[in-house]
Amino acid sequence: MKLLSGDRPRSMVLTLILLSILLCLALAPFLFPGVRSLETAARICIFIVLVASYDLLLGYTGIVSFAHTMFFGLGAYGVALASVHMERGFGALAVGTVAGAVAAALLALVIGLFSLRVRAIFFAMITLAVASAMAVLVSQLSAITGGEDGLNYSIPRELTPAFRLGELAGVKINGRILNYYLVFGTSLVLFLLLLRIVNSPFGRVLQAIRENDFRAEAIGYRVVWYRVTATCLSAAVAALAGSLFAIWLRYVGPDTVLSFEIMLDILLMVVIGGMGTIYGAVVGATIFVLAQNYLQALMGSAAESVAGVPLLPDLLNPDRWLLWLGVLFILSVYFFPTGIVGRLRGTG
């Protein structure tokens with residue numbers, strides 16, 4: 001229980017779901033061999049961390065921010081720029097990761113100090129404006145960032161498919177699998193760190209501020225300080241998730257790490273999984289990424305199986321996958337208003 005910071009799932013069904021996801025991700029290269037399956041598993045790991053870091057803001061502190069992809073992008077571009085301008089190796093990855101996390105935390109500090117004293121809706125608008133400006137800036141500074149084309153770069157050979165180690169349980173072990181376990185292991189550590197933070201005295205104060213910031217201020221807590229600290233922590237972890245994404249993809253671009261579409265995806269994952277639970281990030285990210293990657297294929301198979309039925313093949317056309325993803329989201333909000341984790345814990 002020390003590993004879970006005393007925050008147990010509190011539901012047998014939820015415990016089984018979380019253990020199943022953990023085992024599937026831990027053994028993904030062996031259970032689901034194939035490039036696409038490994039790609040999906042890596043994205044799930046990265047987005048679990050990204051969504052959990054956003055839940056620290058939205059679910060635990062009550063701060064609505066639209067700048068989270070900006071911090072994610074800073075981490076990704078930190079690794080990319082360091083890999084382009086430094087000698088190929090783990091040193092470049094380390095420098096880029098640290099630089100991205102520090103830059104994200106400092107930018108979050110500036111935004112927080114100047115903006116968190118205003119009403120929540122104004123803070124949300126400020127973060128949206130800053131994130132939009134950053135996306136435009138990255139697109140225009142093509143000499144540095146590659147502009148709309150983005151950046152391709154080399155990572156250590158030990159993390160690429162060219163590096164071969166042998167075979168284990170019928171699976172060829174190469175650098176790509178080592179890269180996956182770097183992503184998985186780091187994501188697990190970051191998730192447990194966030195779980196520790198939200199269950200610490202600091203996390204309890206954040207929840208008190210979320211429930212009633214005036215009362216928290218009245219009993220002596222420096223509300224702005226706590227909010228700014230939470231924003232900086234959230235930004236730094238989001239940047240670390242971005243660094244992992246950059247190491248995995250070996251490419252970054254505005255559409256890949258800075259688009260507002262990713263911000264909407266993060267919001268959907270938080271709501272589906274359950275705000276203010278951290279475990280909701282695991283469930284929400286897993287469901288959403290799986291739907292993104294496999295819903296089209298499932299719909300294609302379903303459309304073929306009902307080819308002779310009027311209307312159904314058109315409704316199940318793979319091109320309409322976003323429509324059905326929206327329907328699934330509406331149903332999840334209707335039946336699970338506190339998210340899947342909140343419902344399983346009996347709080348909704």
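A quick yes/no check of all residues on (1) among the hydroxyl-bearing types (Ser, Thr, Tyr); (2) farther than 30 Å from VAL35 by Cα:
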| site | (1), (2) |
| --- | --- |
| PHE163 | no, no |
| GLY166 | no, no |
| TYR180 | yes, no |
| VAL183 | no, no |
| VAL198 | no, yes |
| PRO201 | no, yes |
| ARG210 | no, yes |
| GLY220 | no, yes |
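Can you give me the number of residues within the stretch 318-348 that are surrounded by 15 or more Cβ atoms within 10 Å (Cβ to Cβ) and either in contact with a Cys (Cβ under 7 Å, 6 or more places away or on another chain) or not in a helix (DSSP H, G or I) (or both)?
Residues that pass the stated criteria total 3.
Is at least one residue of the stretch 195-204 surrounded by 15 or more Cβ atoms within 10 Å (Cβ to Cβ) and of a type in the set (Val, Ile, Thr)?
Yes, because at least one residue in the stretch 195-204 is surrounded by 15 or more Cβ atoms within 10 Å (Cβ to Cβ) and of a type in the set (Val, Ile, Thr).
Can you name every one of the helices (runs of 4 or more DSSP H) wholly within the stretch 164-226 that holds 2 or more residues which are in contact with a Ser or Thr (Cβ under 7 Å, 6 or more places away or on another chain)?
175-198, 201-211
In the stretch 1-30, how many residues are open to solvent by 10 Å² or more (accessible area, probe 1.4 Å) and part of a helix (DSSP H, G or I)?
Residues flagged as open to solvent by 10 Å² or more (accessible area, probe 1.4 Å) and part of a helix (DSSP H, G or I) within the stretch 1-30 amount to 15.
Taking ALA162 as meeting all but one of (1) touching a Gly at 6+ places or on another chain (Cβ under 7 Å); (2) touching a residue at least 24 places away in the same chain (Cβ under 8 Å); (3) open to solvent by 50 Å² or more (accessible area, probe 1.4 Å); (4) closer than 24 Å to THR97 by Cα, write down the number of the exception.
Here ALA162 meets the rest and fails (2).
Can you tell me which of (1) surrounded by fewer than 22 Cβ atoms within 10 Å (Cβ to Cβ); (2) within 18 Å of the chain's Cα centre (by Cα) is the one LEU106 doesn't meet?
Of (1) surrounded by fewer than 22 Cβ atoms within 10 Å (Cβ to Cβ); (2) within 18 Å of the chain's Cα centre (by Cα), only one is false for LEU106: (2).
Taking the condition open to solvent by 90 Å² or more (accessible area, probe 1.4 Å) and at pLDDT 80 or above, does LEU298 pass?
Judged against the criteria, LEU298 is a match.
I'm trying to understand the selection: among the residues of the stretch 31-59, which are in a loop (DSSP other than H, G, I, E, B) and open to solvent by less than 10 Å² (accessible area, probe 1.4 Å)?
Result: GLY59, single match.
Select from the stretch 255-267 the residues that are open to solvent by 10 Å² or more (accessible area, probe 1.4 Å) and part of a helix (DSSP H, G or I) and write down the one among them that is nearest to PRO161 (Cα to Cα).
THR256
The values are calculated or read from the model by the stated rules, or taken from the named source; none is laboratory data. These figures come from a predicted structure and were not determined experimentally. All Cβ positions, glycine included, derive from the backbone under ideal geometry; neighbour counts span all protein chains shown. Quick note on the areas: whole protein, heavy atoms, side chains included, nothing else; ligands and nucleic acids left out. Shrake-Rupley method; radii C 1.70, N 1.55, O 1.52, S 1.80 Å.
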